[in-house]
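Only the coordinates and a few stated rules stand behind these numbers; no lab work does. Values in this document were obtained by computation on a predicted structure and should not be read as measured data. No Cβ is skipped: glycine too gets one built from the backbone with ideal geometry, and neighbour counts run over all protein chains shown.
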Amino acid sequence: MHKMHVMKVAILGLLMAGMIFPASCCLSDPTVTVIYNLDVNMELLKLLSKEGFSFQLVEDIVPSFGAPGRREFAVYRAHYGLATAMVASDMVALKAHEEKYDWETGVKTELLFLQTIGVIGYIDVGTIAQVASWDTASGRNLFLVPEGVDTVVLGDDQYPAGQSVTTDYLCIKNEWLAVPGNATVSAQGNVLTVTLLRCGGEIIADTSKLSLFGPFREVILVCNSIDYEMTGKELRTILTEKGYRVRRLSPDEFNVYRWFSPRVVLLGGHEAPEGMGDIVAALLSQSEKQMIEKTGPYLFAVDGRDFRKQSMIILAGKDREGTHEITLSRIDDIVMWIEAY
């Protein structure tokens, strides 16, 4: 039988009067999530600046929790568009700028981006993203639970670490632990101790002037299964024969990978099934939707939606035949659009 995994959580709720903790020891900012226990190839990341990846190199903008030495960070605009990303050799930190920032989607997008460009290896991105969506008023610190840790104890309560646990003070899922931003962790034997502090650090990072970096050099083709069989395959073949690389995405993949290419082709109108209509409806104006319904088919262009220098085109008819017609009739325009990048 496997040992019951438990972590002991010690909460220092009462601190001695007059005791001072340095502001750099922790965070208490709900707009910040720090993911530790990552192995980042910073040298490769810095080389990508020559490929058009826009970032700034700074030191020690994220509290080091007593770790020796200084950390170098690459700071850039996060690919979910509403946050700043700060990457060091052992961590990724995200600072949101908008209340509507979705932590699960944002963390998943950024970690997949770092995997795609090869600066981090395989990690459980899905679990990390779920744990990062844990609701807390003071930010989040995420850690991989060390091997050999046996118990989770919160006050008088004990939890097996192998189970999913969510409380006001922590969240555990598949060996990943989230604790409040104003917390530190330490492991001794089979015990992992979480200490909550009353200090608060602040991260300030301005990425408004930085462009995003698209790791996919292919044209992204987004469509449902119906339009792919009727139109997408043919379009992909035509563009491939002309020397362009095309990557097909399903509608479900769009919201993550939309940030990864400067050129995105969307097939189908705002009423297309399998989630495609929801994507197109969010990009088109009401008058453009009415144009498709009444007279379609049409080609629409959407520029600068996610980041500067990104362009999307929507090829849509009021039915699948209309989408097929507009796509094949505008091949020359599509090629000119690709070449403009």
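For this structure, a couple of remarks:
- Label-point gap, in nm, between Ser186 and Gln163 - each point 7 angstrom along Cα→Cβ: 2.9
- Take 55-62, 308-315 and order them by the average number of nearby Cβ atoms within 10 Å per residue, most first; the result is 308-315, 55-62.
- 23 Å Cα-Cα threshold exceeded, pairs from Lys242/Lys294; Lys108/Lys242; Lys209/Lys309: Lys242/Lys294; Lys108/Lys242
- For Pro251, net neighbour charge (Lys/Arg +1, Asp/Glu -1) across residues whose Cβ lies under 12 Å away: -3
- With the simple model of a label 7 Å out from the Cα in the direction of the Cβ, Glu104 to Leu144 spans 2.3 nm.
- Surrounding net charge for Asp278, when Lys and Arg each add one and Asp and Glu each subtract one, Cβ distance under 11 Å: -3
- Using bins of 5 Å that start at zero, the share of Cα-Cα pairs per bin across the stretch 102-166 amounts to 3, 14, 20, 22, 18, 12, 7, 2, 1, in whole %.
- For the stretch 219-339, dividing the convex hull volume of the Cα atoms by the residue count gives 89 Å³ per residue.
- Potential extension, Glu241-Asp90 segment - 0.36 nm per residue separation minus Cα distance: 50.1 nm
- Debye-sum result for the chain in log10 I(q)/I(0), which assumes one identical scatterer on each alpha carbon, at q = 0.07, 0.10, 0.14, 0.15 Å⁻¹: -0.37, -0.69, -1.07, -1.16
- Contour excess over end-to-end distance, with Cα ends at Ser211 and Asp39 and 0.36 nm allotted per residue: 59.4 nm
- Other residues with beta-carbon under 13 Å from the beta-carbon of Met336 carry, at +1 per Lys or Arg and -1 per Asp or Glu, a net charge of 0.
- Of the trypsin sites (Lys or Arg not before Pro) found in the stretch 71-177, those that fall in a DSSP loop while having at most 12 other beta-carbon atoms within 10 Å are Lys100.
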